[in-house]
Amino acid sequence: MLVLSRSQVEDLLDMDSLIDSLAPAMADLSAGRASVPDRVAALVPERDGFLAAMPGFLASAGTLMTKLVSLFPHNDGIRLPTHQALIVAFDPDTGEPAALLDGTAITAARTGACSALSARLLAREDASVLAVLGTGVQARSHARAICRVRPIRQIRVAGRDPARAAALAEELASVIEADVQAAGSYAEALDGADIAAATTHAIEPVIRRPWLTPGVHITSVGYNPAGREIDDATVAEALVCVESRQAVLAPPPAGSNDLLMPIRDGLITADHVHAELGELIAGSKPGRTAPDQITLFKSVGVAVQDAAATALVVAAARRQSIGEEISLR
């Protein structure tokens, strides 16, 4: 069995290739060509945390895998990530364990990459101002990924801690060719933004309709069982797209309060979800229809994303003879 560390996974995973590979993976998911059951989780109430299992089979990538991922929101997010994961890949012909690899890096990368794919499908072609809400691992991943698909010239970073926002802005400015600034508030970051990436653990919405510019594309990946990132007015007005209707509307820990709460309150129905990304890719559903339309991609994370990333990493590792081979027998 091949074993790959976090640093090896990070070196092997190419963001452009990952964004591209997620498109057929999401199309397979929507067409029923991938096997992805709802995730299950063991709860750790005293730490507000959980350990989830996310199995998946993506036949087009020849990948059978499962991810074990923990979410412990009280970790500091930098020294100790809030999300930590392991991935085990199995031989899809025999079921034999084939690879064990760090899943923390894959979770960070594939989440940002899928948001970038949503921006490629839904953001205006000339979108050039990006608001990044949050200062953790996903904030970094989203800034790097979205700049790959749109001509971003300015990035505004906002978070609960102004010092961390300033530090992240300085860090991103050293690796991204854009004007990167720390904003004083979420509202300030969103003012005039063409794309907004919400990557928080917020209880109260960090994206509110009065703060938004017409035509903005929003990606929201944050999860908090006690709250949400997007307010009702934005959800009600936006063209809402998701990875999977089944996943996003499932009970916690699989679904999203950003949609479940307004459905519960009678503000929208489940039919308000316009499309899955795979349907946009296949052309069975239209995307943006007007320059001033607000579009929203609400992500909860699905195993086909991990499977697509795992396929890329394992193939690259075998080509380059990277990693350690161990025997379990």
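The values are calculated or read from the model by the stated rules, or taken from the named source; none is laboratory data. All values reported here derive from a predicted model rather than from experimental measurement. Note that each Cβ is placed from the backbone with ideal geometry, even for glycine, and that neighbours are counted across all protein chains shown. SASA here: full protein model, heavy atoms, side chains in, ligands and nucleic acids out. Shrake-Rupley method; radii C 1.70, N 1.55, O 1.52, S 1.80 Å.
Right, Ser118: outside any loop (DSSP other than H, G, I, E, B), open to solvent by less than 10 Å² (accessible area, probe 1.4 Å) and at pLDDT 95 or above or not?
So Ser118 passes the test.
Among the residues of segment 207-223, the ones that are open to solvent by 20 Å² or more (accessible area, probe 1.4 Å) and either of a type outside the set (Val, Ile, Thr) or within 24 Å of Pro251 (Cβ to Cβ) (or both) come to 7 in all.
Arg164 - would you say it is part of a helix (DSSP H, G or I), open to solvent by 20 Å² or more (accessible area, probe 1.4 Å) and farther than 24 Å from Asp14 by Cβ?
Against the criterion (part of a helix (DSSP H, G or I), open to solvent by 20 Å² or more (accessible area, probe 1.4 Å) and farther than 24 Å from Asp14 by Cβ), Arg164 qualifies.
Tell me, please, whether a residue that is charged (D, E, K, R), crowded, with 24+ Cβ neighbours inside 10 Å and in contact (Cβ under 8 Å) with a residue 12 or more places away in the chain can be found in segment 186-206. Looking through segment 186-206, none of the residues is charged (D, E, K, R), crowded, with 24+ Cβ neighbours inside 10 Å and in contact (Cβ under 8 Å) with a residue 12 or more places away in the chain. Taking first residues from segment 46-65 that are farther than 11 Å from Phe90 by Cα and partners that are modelled with pLDDT under 95 and of a type in the set (D, E, K, R), the Cβ contacts under 7 Å between residues at least 6 apart in sequence or on separate chains come to Ala52/Arg39; Ala53/Arg39; Met54/Arg39. If you go through segment 196-204 one residue at a time, do you hit one that is of a type in the set (D, E, K, R) and touching a strand residue (DSSP E or B) at 6+ places or on another chain (Cβ under 8 Å)? Checked against the condition, which is being of a type in the set (D, E, K, R) and touching a strand residue (DSSP E or B) at 6+ places or on another chain (Cβ under 8 Å), segment 196-204 yields no hits at all.
Number of residues in segment 131-157 that are assigned to a strand (DSSP E or B) and either β-branched (Val, Ile, Thr) or free of Cβ contacts under 8 Å to residues at least 40 places away in the same chain (or both): the value is 5.
Of the residues making up segment 138-156, those that are in contact with a strand residue (DSSP E or B) (Cβ under 7 Å, 6 or more places away or on another chain) and not small (Gly, Ala, Ser) are His142, Ile146, Arg150, Ile152, Arg153, Gln154, Ile155, Arg156.
Within segment 254-304, being open to solvent by 60 Å² or more (accessible area, probe 1.4 Å), charged (D, E, K, R) and in a helix (DSSP H, G or I) holds for Arg264, Asp271. Count of segment 38-79 residues, restricted to those that are open to solvent by 60 Å² or more (accessible area, probe 1.4 Å), aliphatic (A, V, I, L, M) and under 21 Å from the mean Cα position of the chain (by Cα), is 4.
Take Asn257 and decide whether it is under 15 Å from the mean Cα position of the chain (by Cα) and not β-branched (Val, Ile, Thr). Even if it seems obvious, please write down each step before you answer.
Values: under 15 Å from the mean Cα position of the chain (by Cα): no; not β-branched (Val, Ile, Thr): yes.
Considered against the rule, which asks whether it is under 15 Å from the mean Cα position of the chain (by Cα) and not β-branched (Val, Ile, Thr), Asn257 comes out as no.
Just wondering, is there one or more residues in segment 258-276 that are out of contact with any strand residue (DSSP E or B) (no Cβ under 7 Å at 6 or more places or on another chain) and within 24 Å of Phe57 (Cα to Cα)? Spell out the reasoning first.
Let us first name the residues in segment 258-276 that are out of contact with any strand residue (DSSP E or B) (no Cβ under 7 Å at 6 or more places or on another chain), namely 260-271.
Subset that is within 24 Å of Phe57 (Cα to Cα): none.
No, segment 258-276 contains no residue that is out of contact with any strand residue (DSSP E or B) (no Cβ under 7 Å at 6 or more places or on another chain) and within 24 Å of Phe57 (Cα to Cα).
Name the single residue, out of those in segment 92-108 being surrounded by 14 or more Cβ atoms within 10 Å (Cβ to Cβ) and either in a loop (DSSP other than H, G, I, E, B) or without any contact (Cβ under 8 Å) to a residue 60 or more places away in the chain (or both), that is farthest from the chain's Cα centre (by Cα). Step by step, filter segment 92-108, then rank; the result is Pro92.
Tallying residues that are in a loop (DSSP other than H, G, I, E, B), at negative phi and not basic (Lys, Arg) within segment 186-238 yields 25.
Looking at segment 72-81, can you tell me whether even one residue there is of a type in the set (Gly, Ala, Ser), part of a strand (DSSP E or B) and farther than 16 Å from His217 by Cα? No, because not a single residue in segment 72-81 is of a type in the set (Gly, Ala, Ser), part of a strand (DSSP E or B) and farther than 16 Å from His217 by Cα.
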